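S.K.: This is the structure I have questions about; it appears just below.
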Amino acid sequence: SEMCIRDSIKNGMFLFGLKNRLARIGIEIMPYYWVQEEVIPCDVPMIKGDVSEYTLKELSFEEVKFISKEIDNMQMDLLEKEFEQCPYCLGLVHNNTIAAYMFMGLKDVVFRDKLFPIKTNEAYLTSMWTFHAYRGRNLAPYLRYKGYEFLREHGRDTKYSISEYFNKSTIKFKNKLNSKHIRLYIYFNLFGKWERHYLLKNYTDN
């Protein structure tokens, strides 16, 4: 019902605000989904504009570091750590300018000290960024799809990622690519001294 929808929106906003207030005093609470992407093959997402103007390029970390300098609040040490785990970086290039990029990895993933094993036919997809000048062109789903093609060429036909519960834009674009939530976790970090992950829901049990 309309009332239920309003209540869920209000509760979501309240929890998001509470999460941010607690983070200021050193208490981090982060619900997140373990996601399987493109469970059913999807069509190529359409770019707004001429798709022939875009080309794909595998980027080195030096290139990623150079182009990421203009991103506000980007922490280069965290970016480097992420690249070590996921060393394949696919960039979408428009007129010699990198419009978007994403990281992919073929090995086990450690997320906030929690291990997610990756099998030999699987892959993990992580950070994706679309630069401000290219927002609103549907580049993220298109690049993600091209990442799936890249991974299939490397024998990886099952793809996983993590979506933060409150990151609705990420969840929305993954849904366009026939992704589904596998498990819902919640992560706690108290003052950097104690951290735990708890499983809240396993959607494969349904």
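The values are calculated or read from the model by the stated rules, or taken from the named source; none is laboratory data. Only a predicted model underlies this, so the values are computations on that prediction, with no experimental measurement involved. Cβ placement follows ideal geometry from the backbone for every residue including glycine, while neighbour counts extend to all protein chains displayed. Surface areas here come from the heavy atoms of the whole protein model, side chains and all, with no ligands, DNA or RNA. Shrake-Rupley method; radii C 1.70, N 1.55, O 1.52, S 1.80 Å.
S.K.: Charges at C-beta only: +1 for Lys and Arg, -1 for Asp and Glu. How large is the resulting dipole of segment 75-206 about its Cα centre, in Debye rounded to 20?
M.R.: 540
S.K.: Explain nothing, just the number: relative contact order of the chain, from Cα pairs under 8 Å at least 6 residues apart, as a whole percent.
M.R.: Relative contact order comes out at 31 percent.
S.K.: Could I ask something else about it? What nm distance separates the two modelled labels at residue 153 and residue 132, each placed 7 Å from Cα along Cα→Cβ?
M.R.: My value for the distance between the label points is 3.3 nm.
S.K.: What accessible area per residue comes out for the chain, rounded to a whole number of Å², with a 1.4 Å probe?
M.R.: 60
S.K.: Lys pairs in segment 26-127, Cα-Cα under 20 Å, at least 8 apart or on separate chains: how many?
M.R.: Values: 48/57; 57/65; 57/69; 65/81; 69/81; 81/107; 81/114; 107/119.
Eligible lysine pairs with Cα atoms under 20 Å apart amount to 8.
S.K.: Oh, and also: Quick one, can you get me the convex hull of the C-alpha atoms of the chain expressed as volume per residue in Å³?
M.R.: Dividing the Cα hull volume of the chain by its residues yields 154 Å³.
S.K.: In whole percent, how big is the carbon plus sulfur part of the accessible area of the chain, probe 1.4 Å, protein atoms only? The partial results should precede the final answer.
M.R.: Details: 6540 of 12290 Å².
Roughly 53 percent of what the probe reaches on the chain is carbon or sulfur.
S.K.: A follow-up question, please. Once all Cα-Cα distances of segment 116-185 are split into 10 Å bins that start at 0, what whole-number percent is in each one?
M.R.: The percentages, shortest bin first, are 17, 50, 29, 4.
S.K.: Under 4 °C and 1.567 mPa s, how fast does segment 28-129 diffuse according to Stokes-Einstein, given a Kirkwood radius computed over C-alpha pairs? Answer in µm²/s, whole number. Each step should come with its number before you reach the end.
M.R.: Values: Rh = 15.5 Å.
So the translational diffusion coefficient is about 83 µm²/s.
S.K.: Can you tell me the orientation of helix 139-153 relative to the chain, as the angle in degrees between its alpha-carbon axis and the longest Cα principal axis, to the nearest 10?
M.R.: Taking the Cα atoms of the chain, the angle to 139-153 is about 70 degrees.
S.K.: Something else now. Mind pulling the angle between the C-alpha long axis of helix 76-85 and the longest principal axis of the chain? Nearest 10 degrees, somewhere in 0 to 90.
M.R.: Long axis of 76-85 versus the principal axis of the chain: about 80 degrees.
S.K.: When Lys and Arg each count +1 and Asp and Glu each count -1, what net charge do the other residues less than 13 Å away from residue 102, Cβ to Cβ, add up to?
M.R.: So the environment of residue 102 carries a net charge of +1.
S.K.: Helix 2-23 versus the longest principal axis of the chain: what is the Cα-based angle in degrees, 0 to 90, to the nearest 10?
M.R.: Rounded to the nearest ten degrees, it is 90.
S.K.: For the chain, what is the mean residue ellipticity at 222 nm derived from helices alone (per DSSP H run of n ≥ 4: -39500 (n - 2.57); sum divided by total residues; nearest 500 deg cm²/dmol)?
M.R.: -9500 deg cm²/dmol
S.K.: Also, quick follow-up: Please give the net charge around residue 91, taking every other residue with its beta carbon less than 11 angstrom from that of residue 91, where Lys and Arg add +1 and Asp and Glu add -1.
M.R.: Around residue 91, the surrounding residues sum to 0.
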